[in-house]
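Visitor: Below you'll find the structure I mean.
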Amino acid sequence: MRSYNVAVVGATGAVGNEMIKVLEQRNFPVKKLTLLASERSLGIDLTFHGKSIPVEALTENSFAGIEIGLFSAGGSISEKYAPIAAAQGCVVIDNTSAFRMVPDIPLVVPEVNPGAIALYKNRGIIANPNCSTIQMVVALKPIHDAVGIKRIVVSTYQAVSGTGKKAIDELSLQTQALLSFKEPVAKVYPHQIAFNCLPHIDVFLENGYTKEEMKMVNETKKIMDDQSIMVTATTVRVPVFYSHSESVNIETKKKITADEVRKLLSTAPGVMVVDNPSNKEYPLAINAAGRDETFVGRIREDESIPNGINLWVVSDNIRKGAALNAVQIAEILGSKYL
Ligand code: A2P
């Protein structure tokens, strides 16, 4: 692969920071790295491969000569600036939900539908899916290919880092306050998140589901390229800093045993099976944090139906759920298409 001029938009955020780290760790061939954020971040320097790079303020003129733009500064920033960047020849890999369901914009998880990256040519934009959806489809794609998935029932236990840096601070400040018998302050979430579970991620929609829940429904069908899969989701924010956990129940078209699922997933790309209950071994958020794999365990047959499987799926939401998935897309884009 030749090297590329890369920009990270939202470089000072939780995901942007991780994008810089992942580009460095995977030795992505970067010719020049441009770091963009709001004017508030002027004066901040970030480090890449030991070199200090100043953060610049994002403007319409930020993209001249940039070939790949990794965007994670919020949906409204992407809506405005991704088309501007694309018009200047920069391929945008967008981590927000702004373009995910636009029919001619590819929504990509490299382990599942790498071929869709070719569709970047339509608009110069590739969408990175929702963090909870990514780890679920990484775990389910091999099963879908083997026996067909009819229906998915998922409940999530999502880390606060998915909301950004301010939410990470809110969980620590509330925890400190409560342990010192002080009043916790809730600014980012509508209720106290410390020592609590909030069945409310993103906004409520007319059908009574949250937007996060409907992202899981709609994005799964698009990434798997199968509108027939039935999906229902309950998404919950829990007081965990990093890594989302998910209870996933599936009904398959053909019967598959728990042992067969274990065997199938043991060679699946991006998956690590951790499933040894007699040794108290199962995927844990604290062990997945900082790792690249999607961890799957507690694999059991659902005894209430003929063809059902239960799984516990855990992955670092900032890495595979965001930054790593985006950089993996950039790697394929670079080596196959640019
Ligand atoms: P800044 O730090 O300058 O506000 P997080 O998701 O962790 O909250 O991070 C959000 C990222 O998006 C940050 O890098 C933030 O930059 C950036 N951002 C927010 N608003 C804007 C904006 N209006 N223009 C450019 N970048 C923005």
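Every read-out reported here was derived from the displayed coordinates using simple, explicitly stated rules and does not represent laboratory data. Remember, it's a predicted structure, so these values are computed and weren't measured experimentally. Counting neighbours? That spans all protein chains shown, and the Cβs are built from the backbone with ideal geometry, glycine included.
Visitor: Can you give me the angle between helix 131-147 and the longest principal axis of the chain, using Cα atoms only, in degrees from 0 to 90, rounded to the nearest 10?
Guide: Here the helix axis deviates by roughly 50 degrees.
Visitor: Now a separate question. Which residue fluctuates the most in the chain, going by a Gaussian network model with Cα springs under 10 Å, if the choices are ALA258, ALA323, ALA127?
Guide: ALA258
Visitor: So, one more: Would you mind checking the radius of gyration and Dmax of segment 200-239 based on alpha-carbon positions, in Å?
Guide: Rg and Dmax of segment 200-239, Cα atoms, are 10.9, 34 Å.
Visitor: A further question on this structure: Lysines near LYS280 by alpha-carbon distance under 24 Å, same-chain residues fewer than 8 away left out - which ones?
Guide: Those lysines meeting the cut-off are LYS263.
Visitor: List the residues, sorted by chain then number, that are 5 or more residues from ARG291 or on another chain and whose placed amide H is less than 5 Å from its amide H.
Guide: ASP316
Visitor: Of PHE204, PHE63, how do they rank once you tally other Cβ atoms within 10 Å and put the fewest first?
Guide: PHE204, PHE63
Visitor: Let me ask something else about it. Hey, which aspartates and glutamates would be in cross-link range of LYS31, C-alpha to C-alpha under 17 Å, not counting anything within fewer than 8 residues on its own chain?
Guide: Excluding near neighbours in sequence, the set is GLU67, GLU331.
Visitor: For segment 119-142 and segment 242-295, write down the distance between their C-alpha centroids in whole Å.
Guide: 19
Visitor: While we're on this one: Provide the net charge surrounding GLY10, with neighbours chosen by a C-beta distance below 15 Å and charges set as Lys +1, Arg +1, Asp -1, Glu -1.
Guide: Value of the local net charge: 0.
Visitor: So which GluC sites (Glu not before Pro) in segment 105-207 end up in coil per DSSP with only 14 or fewer other C-beta atoms within 10 Å?
Guide: GLU206
Visitor: Note the angle between two axes, namely the Cα long axis of helix 75-87 and the longest principal axis of the Cα atoms of the chain, as a number of degrees from 0 to 90, rounded to the nearest 10.
Guide: On a 0 to 90 degree scale, this one is about 60.
Visitor: Could you list PHE181, PHE241, PHE71, PHE28 in order of exposure, starting from the residue whose Cβ has the fewest other Cβ atoms within 10 Å? Don't skip to the answer; put the middle values down first.
Guide: Values: PHE181 6, PHE241 15, PHE71 31, PHE28 20.
Ordered by Cβ neighbours within 10 Å, fewest first: PHE181, PHE241, PHE28, PHE71.
Visitor: When each pair of different Cα atoms in the chain is counted once in the 1/r mean, what is the Kirkwood radius in angstroms, to one decimal?
Guide: Result for the chain stands at 20.6 Å.
Visitor: Output the relative contact order of the chain, whole-number percent, from Cα pairs under 8 angstrom with separation of 6+ residues.
Guide: About 18 percent, as a whole number.
Visitor: What length, rounded to one decimal in nm, is gained on full extension from ALA57 through to VAL203, with 0.36 nm per residue of separation minus their alpha-carbon distance?
Guide: Extra length available between ALA57 and VAL203 comes to 49.7 nm.
Visitor: Give me the net charge for the shell around SER97: Cβ to Cβ below 13 angstrom, other residues only, Lys and Arg +1, Asp and Glu -1. Could the numbers behind the result be given before it?
Guide: Numbers: positive: ARG100, LYS211, LYS215, LYS222; negative: GLU79, ASP94, ASP202, GLU212, GLU213, GLU219.
Here the charged neighbours net out to -2.
Visitor: Given the pairs LYS21/LYS336; LYS32/LYS187; LYS187/LYS211; LYS80/LYS215; LYS80/LYS121, which are separated by over 28 angstrom at their Cα positions?
Guide: The pairs that break the limit, which is 28 Å between Cα atoms, are LYS32/LYS187.
Visitor: Helix-only mean residue ellipticity at 222 nm, the chain, DSSP H runs n ≥ 4 weighted -39,500 (n - 2.57), per residue, nearest 500. What is it?
Guide: Mean residue ellipticity at 222 nm (helix-derived): -8500 deg cm²/dmol.
Visitor: Next question. Within a 10 angstrom radius of the beta carbon, how do ASP259, ASP94 rank from fewest other beta carbons to most?
Guide: ASP259, ASP94
Visitor: Give me the distance in nm between label points sitting 7 Å out from Cα along the Cα-to-Cβ direction at THR232 and PHE181, one decimal.
Guide: Here the modelled spin labels are 4.6 nm apart.
Visitor: Just need log10 I(q)/I(0) for segment 68-209 at q = 0.09, 0.13, 0.16 Å⁻¹, Debye formula, equal scatterers on the alpha-carbon atoms, no solvent, rounded to two decimals.
Guide: Log-scaled intensity ratios, in q order: -0.40, -0.76, -1.00.
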